[in-house]
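The values are calculated or read from the model by the stated rules, or taken from the named source; none is laboratory data. Keep in mind the model is a prediction, meaning the values are calculated, not measured. Ideal geometry is used to build each Cβ from the backbone, glycine not excepted, and the neighbour counts take in all protein chains shown. Note: accessible area is taken over every heavy atom of the protein model, side chains too, but ligands, DNA and RNA are not part of it. Shrake-Rupley method; radii C 1.70, N 1.55, O 1.52, S 1.80 Å.
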Amino acid sequence: MLRWFLLLIVLPLLALAGVVKHVKHDYWTDEYDPYFRKYTKHYFGPHVDWHWFKAQGIAESGLSPKANSPVGAVGIMQIMPATFAEIQDKNPHFSNIDETRWNIAAGIYYDRLQFRKWKQGLPSQERLAFALASYNAGYGNVRRAYNRALKKDPAVREWRHVAPFAPAETRKYVRRIRRLMLFED
């Protein structure tokens with residue numbers, strides 16, 4: 001009941017107040033949209049909305065190509081240099097982690113790798129939530145959270161059932177991306 005109250009009443013009020021700016025809001029630059037479109041289509045096909053990955057870029061860096069985290073993650077998609085090197089082994093044309101185009105391409109490619117790991121009967125939108133969580137916390141951490149949720153309920157098929165077992169940062173991360181996708185002008 002409280003969840004529905006939040007979804008139907010509180011969140012729309014926050015959006016109207018400007019607290020939550022959805023992914024399509026003019027506040028966010030559209031400069032990198034061609035990259036988000038192109039690489040989403042390339043790695044996920046035309047059926048997946050590229051705005052999910054733009055929302056991820058917003059959650060990661062606020063769409064700042066110059067973003068650097070204290071742990072060394074780089075660019076809009078906050079890719080770790082070692083992860084980029086692994087991705088580059090399979091995609092040698094991804095020339096430079098600091099180039100926005102390749103940073104976004106690598107991030108979406110990595111999302112696809114995570115997405116493929118979550119095949120076991122999950123609906124597509126839920127697989128995407130698990131992939132995004134894995135991008136943030138690592139597949140092993142999210143898999144452990146999933147396994148703990150399964151012990152409680154063997155019919156687990158939704159992120160919301162697994163989220164309580166995931167790291168707090170990851171819960172906030174997935175929630176932020178979903179909220180960015182929820183609102184439209």
Reciprocal of mean inverse Cα separation for region 119-181 (Kirkwood radius, Å): 11.4 Å
The chain - percent of accessible surface contributed by carbon and sulfur, probe 1.4 Å: 55 percent
Distant-in-sequence amide H partners of I79 (H built 1.01 Å from N, under 5 Å): V74
Magnitude of the charge dipole, region 101-185, Cβ model with Lys/Arg +1 and Asp/Glu -1, debye to 20: 320 debye
Computed magnitude of the charge dipole of the chain (debye, nearest 20; Cβ of K, R +1, Cβ of D, E -1): 900 debye
T100, T29, ranked by accessible area, largest first (probe 1.4 Å): T29, T100
Accessible area per residue, Å², the chain with all protein chains present, probe 1.4 Å: 55 Å²
